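Colleague: Before I ask anything, here is the structure I am working with.
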Amino acid sequence: MSWRGPFAACALALGATASSAQNFSAQLQLPCVTAPEAEALVTAILPETIEQLAATCAPQLPSGALLRDASPRFFARYRSEADATWPSAQRAVSRVIGADASGLLGSNAARPVIASLLAPVIVKQVQPAECPSYDRIVALAQPLPPRNLAGLLVSVWQLADARRKPGEKRPALNVCARAS
């Protein structure tokens, strides 16, 4: 396996919000993933990320807040969609870490493992004062299919990325520019 695979996997694991991943991605240009691939990847890690967010934010939230009192059925819906989307997410991860490392992703068992590694790193960036806002986002998105929430998150990510000035730090996961 080439050196690019493990380093790209680490950058992917650190996500767009971790400064070390941003510094790394400035030194190594990772291949971009399409918006649908990014959406599949986000969908694939949503259940574990929301569970981690709930565990982190519960002490900051009032009784009755969704992230504090989410039912097992709520998480099961996200997990089912994550499992169904995993084949598309695998293609995105394979593109970033390289074909020689894609054999590690061959089974459905890889999805929860990757998600359980990514979720704490993503949620680590959450400040306690932000928990009510995250609870509101999850509550507003609850009636939507999980893929819609992932699509919204990727679209916001693309908008924020498009506003970055030249030379400004880029996210570790590079979503390809939309075709004009």
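Colleague: Tell me yes or no: at least one residue of segment 63-81 is closer than 22 Å to residue 176 by Cα and surrounded by fewer than 14 Cβ atoms within 10 Å (Cβ to Cβ).
Modeller: no
Colleague: Regarding segment 98-115, can at least one residue be identified that is at pLDDT below 85, open to solvent by less than 40 Å² (accessible area, probe 1.4 Å) and not in a helix (DSSP H, G or I)?
Modeller: Yes, there is a match, as at least one residue in segment 98-115 is at pLDDT below 85, open to solvent by less than 40 Å² (accessible area, probe 1.4 Å) and not in a helix (DSSP H, G or I).
Colleague: Quick check, is residue 90 polar (S, T, N, Q) and more than 22 Å from residue 173 (Cα to Cα)?
Modeller: Here the answer is no, as residue 90 does not meet what is asked.
Colleague: Do you know which of the residues in segment 124-139 that are hydrophobic (A, V, I, L, M, F, W, C) and either in contact with a His (Cβ under 7 Å, 6 or more places away or on another chain) or farther than 15 Å from residue 78 by Cβ (or both) is least open to solvent (accessible area, probe 1.4 Å)?
Modeller: Restricting to residues being hydrophobic (A, V, I, L, M, F, W, C) and either in contact with a His (Cβ under 7 Å, 6 or more places away or on another chain) or farther than 15 Å from residue 78 by Cβ (or both), the top hit is 131.
Colleague: Pairs under 8 Å by beta carbon, first residue closer than 30 Å to residue 37 by Cβ and charged (D, E, K, R) in segment 61-84, partner open to solvent by less than 70 Å² (accessible area, probe 1.4 Å) and in a loop (DSSP other than H, G, I, E, B), six or more apart or different chains?
Modeller: If the second residue must be open to solvent by less than 70 Å² (accessible area, probe 1.4 Å) and in a loop (DSSP other than H, G, I, E, B), the pairs left are 81/145.
Colleague: State all residues of segment 158-173 that are open to solvent by 40 Å² or more (accessible area, probe 1.4 Å) and modelled with pLDDT of 85 or more; if no residue qualifies, say none.
Modeller: If the condition is that a residue be open to solvent by 40 Å² or more (accessible area, probe 1.4 Å) and modelled with pLDDT of 85 or more, then 159 is the only one that fits.
The values are calculated or read from the model by the stated rules, or taken from the named source; none is laboratory data. Everything quoted here is computed from the prediction, not taken from an experiment. Reconstructed Cβ throughout: ideal geometry from the backbone, glycine too, with neighbour counts over all protein chains shown. Just so you know, the surface numbers come from the protein's heavy atoms only, side chains and all, with ligands and any DNA or RNA stripped out. Shrake-Rupley method; radii C 1.70, N 1.55, O 1.52, S 1.80 Å.
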